[in-house]
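Undergrad: Questions regarding the structure given below will be posed in turn.
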Amino acid sequence: MPDLKEIQAQTSTQKYGPKATFAQFLATVAQNFLFMGLGMNLSISAIVIRDLYQNPNSDFSITTTEASWYGSLLFIIYPVGCLASGILQDKFGKKLCMIFANVPSIIGWILLYSARSSVLLCASTLFMGFSMGLGAGSTSSYVGEISEPRLRGFLGSLGTTAMRMGVTLMYIQGSFFDWRTTALYSTIYPIICICFIIFIPESPIWLIAKGRNEKAEEAMCWLRGWVELEKIKPEFLELIHYNKVSGTQGGCKIDTDDKKLFSNLTQFKNPAVYRPLRLLMIYFFVSSAVSISPARPFITKIIKEIDLFNNQNESLILLSILMSVGSIIATATVHRVGKRLLALTTLTLNTVTLFLFGAYIIAVKASYLTSSPFIPLILLCSIYFIGSCETENKTLLEIEEFFFSITMAGRYFNKLICCDVDNRMRCY
């Protein structure tokens, strides 16, 4: 077998045509239906709370406490899904994991459609949150493993775009139908997602790690434009080589023969693991707080507070569109301005805007100011727009490292695959 330098030299001169771009785009779009479903799972709670919160005219109504639990359980169960995703990816592969991620979503939509009490509402959001965790972990790493470096940034950004589309689609449905009909129609999307994912190949990285080299070659040929085996041979040999040295990560020896999960948790003592994880956790916490992401299930209640009760549907659609526009702008500018400057700028602007938004509501309730719907609407739109820029910055340049750290307890502690994080999660 050629040595590493020879393999890298062959790979550096390897060029694939437009068919390869199209094939990888198809695979990404197919699994991005899962991202669209994640956006719909994330935004349905705003529609449900809008229609049921203290509403005597509905089938049943929910109290403030019940609405709080319903809107929060999604985020509580989400990390559990991420951890389970790591274990399932290693055992069954990313393709089956993405298919399986749609099953809890379907159950959640069915439970929501048939709900007659707050208990079933909470049960439905638990299934949806678990589905989101399963799907987010597998889709993020799948794109990094199937794509060429020249396409990885673009294909990786499609996930956030698809999620924004899911949010917008949910709010549009909510403007025409009630929450129960919306839940019924939404069941179709995870089913469509399963049908698309069936036809895309498994990650070649996972297949090689499992010793299924022939299947890995077929997957590589598909992903590089349905080419002959000789065309992908240099890149395939490179993957084989790095799989053989997968017992190391960041220069530290990792015992891949030990299959016991808890004994491998000591790897979190490795500075290469806990330092970036600690930094990202702080960054993600602050970013989520100032972009009011945890409060978005209650956005309809916030809209009522700022006297936009009669324009809820229009406001929701406007906010979702601004989120999509912010993501597109961030995608186009992040490589010019840099991720550090973009992160600091958006965090600062969102913090100031959020402070002004809160101060305005307090001043109006204390009768220091006269209520005017335009001022809080502008502030709320600014929070959503700037927050989406910040979210896209995390997605493009840091979300893969986050899921890598989270899923270490599952997939990577069972059998670690070396990842070049600096090369945008090019996993070998």
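Undergrad: Going through Thr168, Thr182, Thr161, Thr187 one at a time, which residue ends up being open to solvent by less than 10 Å² (accessible area, probe 1.4 Å), among the polar types (S, T, N, Q) and farther than 27 Å from Phe236 by Cβ?
TA: After applying the criteria, what remains is Thr182.
Undergrad: Further, regarding this structure: Does Met128 qualify as being more than 22 Å from Gln24 (Cα to Cα) and open to solvent by less than 20 Å² (accessible area, probe 1.4 Å)?
TA: Criteria met by Met128.
Undergrad: Check off (1) assigned to a loop (DSSP other than H, G, I, E, B); (2) at pLDDT 75 or above for Lys304 and give me the number that stays unchecked.
TA: Result: Lys304 fails condition (1) only.
Undergrad: Between Leu126, Leu112, Leu120, Leu134, which is free of Cβ contacts under 8 Å to residues at least 12 places away in the same chain and assigned to a helix (DSSP H, G or I)?
TA: Leu120
Undergrad: Another one. Checking Glu148 against (1) open to solvent by 40 Å² or more (accessible area, probe 1.4 Å); (2) acidic (Asp, Glu); (3) in the same structural domain as Ile76 (by the TED database), only one condition comes out false. Which one?
TA: Among (1) open to solvent by 40 Å² or more (accessible area, probe 1.4 Å); (2) acidic (Asp, Glu); (3) in the same structural domain as Ile76 (by the TED database), Glu148 violates only (1).
Undergrad: Can you name every residue in the range 174-219 that is closer than 20 Å to Glu148 by Cβ and either of a type in the set (Asp, Glu) or outside any helix (DSSP H, G or I) (or both)?
TA: Ile200, Pro201, Glu202, Ser203, Glu217, Glu218
Undergrad: Additional query: For Ile106, all conditions in the list (1) open to solvent by less than 60 Å² (accessible area, probe 1.4 Å); (2) more than 30 Å from Ala219 (Cα to Cα); (3) of a type in the set (A, V, I, L, M, F, W, C); (4) part of a helix (DSSP H, G or I) hold save one; what is the number of the exception?
TA: (2)
Undergrad: Now for a different question. Kindly check whether there is at least one residue in the range 52-69 that is of a type in the set (D, E, K, R), part of a helix (DSSP H, G or I), touching a residue at least 24 places away in the same chain (Cβ under 8 Å) and open to solvent by less than 50 Å² (accessible area, probe 1.4 Å).
TA: Narrowing the range 52-69 to residues of a type in the set (D, E, K, R): 59, 66.
Retained after the next criterion (residues that are part of a helix (DSSP H, G or I)): 66.
Then drop every residue that is not touching a residue at least 24 places away in the same chain (Cβ under 8 Å), which leaves 66.
Right, trim to open to solvent by less than 50 Å² (accessible area, probe 1.4 Å) and you get none.
Scanning the range 52-69 turns up no residue that is of a type in the set (D, E, K, R), part of a helix (DSSP H, G or I), touching a residue at least 24 places away in the same chain (Cβ under 8 Å) and open to solvent by less than 50 Å² (accessible area, probe 1.4 Å).
Undergrad: Within the range 222-236, count every residue that is closer than 18 Å to Lys210 by Cβ and modelled with pLDDT of 85 or more.
TA: Looking only at the range 222-236, we keep the residues that are closer than 18 Å to Lys210 by Cβ, and these are 222-223, 236.
This time we only want the ones that are modelled with pLDDT of 85 or more, so: 222-223.
So the count comes out to 2.
Undergrad: Could you please tell me which pairs satisfy a Cβ distance under 7 Å, a separation of 6+ or placement on different chains, a first residue in the range 272-301 that is within 21 Å of Thr345 (Cα to Cα) and touching a residue at least 24 places away in the same chain (Cβ under 8 Å), and a second residue that is among the hydrophobic types (A, V, I, L, M, F, W, C) and open to solvent by less than 20 Å² (accessible area, probe 1.4 Å)?
TA: Partner pairs satisfying both residue conditions: Ser291/Ile383; Ile292/Ile383.
Undergrad: Still on this model: Please go through the range 142-160 and pick out each residue that is modelled with pLDDT of 80 or more and hydroxyl-bearing (Ser, Thr, Tyr).
TA: Tyr142, Ser147
Undergrad: I've got another one for you. Read through the list (1) within 22 Å of Phe35 (Cα to Cα); (2) of a type in the set (Lys, Arg); (3) assigned to a loop (DSSP other than H, G, I, E, B), then give the number of the only condition that Lys95 fails.
TA: Here Lys95 meets the rest and fails (3).
The values are calculated or read from the model by the stated rules, or taken from the named source; none is laboratory data. These numbers were taken from a predicted model, which means no experiment stands behind them. Every residue, glycine as well, gets a Cβ built from its backbone with ideal geometry; the counts of neighbours run over all protein chains shown. All accessible areas refer to the heavy atoms of the entire protein, side chains included, with ligands and DNA or RNA removed. Shrake-Rupley method; radii C 1.70, N 1.55, O 1.52, S 1.80 Å.
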